[in-house]
1. Accessible surface of ASP339 in the full protein assembly, 1.4 angstrom probe, to the nearest 10 Å²?
2. Using protein chains only and a probe of 1.4 angstrom, how many square angstrom of ARG402 are accessible, to the nearest 10?
3. Springs between alpha-carbon atoms under 10 Å, Gaussian network over the chain: tell me which of VAL284, VAL196, VAL298 tops the mean-square fluctuations.
4. Roughly how big is the chain's charge dipole about its Cα centre, with Cβ charges of +1 (Lys, Arg) and -1 (Asp, Glu), in debye to the nearest 20?
5. When the chain is modelled as a GNM with alpha-carbon springs shorter than 10 Å, which of HIS312, HIS11, HIS174 fluctuates the most?
6. How much of the accessible area of the chain, probe 1.4 Å, is carbon plus sulfur, in whole percent?
7. Any idea how far the Cα center of segment 116-139 sits from the one of segment 261-277, in Å?
8. Just SER106, SER70, SER306 to compare: in a GNM of the chain, with alpha carbon springs under 10 Å, which one fluctuates most?
Amino acid sequence: MNKGKNKIIMHVDVNSAFLSWQAAYEKQIGVDRDLRELPSIIGGNQEARHGIVLAKSTIAKKAGIKTGESIMEARTKCKDLIIVPPNYNLYIKCSKALISLLREYSPNISIFSIDECFLDYTGMEEHFGTPVDGAYTIKERIHKELGFTVNIGISTNKLLAKQAGELSKPNKVHTLYPEEIKKKLWPLPVEELFMVGSKTKPKLNEIGIYTIGDLANSDYKLISNKFKSHGRLIYQYAWGIDDSNINWQQNIPFKSISNGTTVSFDVEDSETAYIILLSLIETVSRRLRQGEVKCNVVAVSLTSSSFVYKVHQRKLLSPTDSTYEIYQISKKLFDEMWDGLPIRKFNVRASELVSNLMTQLTLFDKKNKLKLEKVDKAVDTIREKYGDYSIMRGVFVHSGLRPMIGGFGAEDYPVMSSIL
């Protein structure tokens, strides 16, 4: 199917990623259930009864539960709903294991979210067979060795590869080559075309466009005049045209990493506030190191018990992933903005992220920067092996506070981001 100069691009998408990864992990440690076959969701905090649905099983979906709705709303739709809190460390491990396996089939992998990527299969036929044969081999290896399933779409560009992977799920391989567009893509509802969202769909329906084929065969000038540049883009997509370059991004593309918590009491002294900030930063900084990135901006936000919100941020002289450095900056930001009002909610955000492969130091960097990196690495290794609470800073021992608090930031680990 690879005709001459055409590239062969595969889109690999984990089916119900968070739920599948949790189910695979539970099977590995001997838990006698499969969340994928039960009314279950990943999300929120079951005891506190807050948060949103991040992933759902097929049975939960049939009960009317939707991704993004509140845990409370989901519980009203299914009495026997199993709620599992998110485990971002597990998700990162699973994502990295997936990418490691895929690299055996191509040196060019473009990671666009924690659960999806593009693989350049061009020229790999002589090693692993036809694209379809290669895709089935990859899919089966992932299932057998990693314990979860994926959909793989195959075509000559990113757009068509992704659309191919969406044709039917789960655990499928589909092709959508240019010559297959009229048969496979055009009969689909127009809202299934990438970049046609809930706001665009009714506008297209108003002018008699209900399928992707209707859009492809509509008056280009009409679409261009009515929807401007967006209309011209989706018109091209309806014909399978996508000339965007592939950025072979090797790391999960975080935009920012944050962590927040609502405490169960009013915080009225700076020492307690510092400890809470440190517990949040322990998680933020570890996520930075796991994602192989450093931040250039640190922000701290506070919400008082009377719902007064304040936020301060600081641009750094050089990027960092150091727990100690982020903590020292956060304390200064806290001191700058706290006016003495009782605090109920804290949040720390690291943004303007860059790769940690190369960092330009400045004359103002602390001399112990390398020592701090070694300390963080040692602590991460211990926690990786023995658990999050196997080692903690002395300030937490008699504080009554957990050394790592806060939850999963869904915006930090995007699922199906579909950045093309």
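The values are calculated or read from the model by the stated rules, or taken from the named source; none is laboratory data. Please read these numbers as outputs of a predicted model, since none were measured by experiment. Counting neighbours? That spans all protein chains shown, and the Cβs are built from the backbone with ideal geometry, glycine included. Calculation scope for accessible area: heavy atoms of the full protein, side chains included, ligands and nucleic acids excluded. Shrake-Rupley method; radii C 1.70, N 1.55, O 1.52, S 1.80 Å.
1. 90
2. Taking all protein chains as shown, ARG402 has close to 140 Å².
3. Looking only at VAL284, VAL196, VAL298, the biggest GNM fluctuation is shown by VAL196.
4. Values: 57 positive and 48 negative charges, 65 e Å.
Here the size comes out at about 320 debye.
5. Among HIS312, HIS11, HIS174, the largest mean-square fluctuation in the Gaussian network model of the chain belongs to HIS312.
6. Details: 11180 of 21010 Å².
Percent of accessible area from carbon and sulfur atoms in the chain: 53.
7. 52
8. SER306
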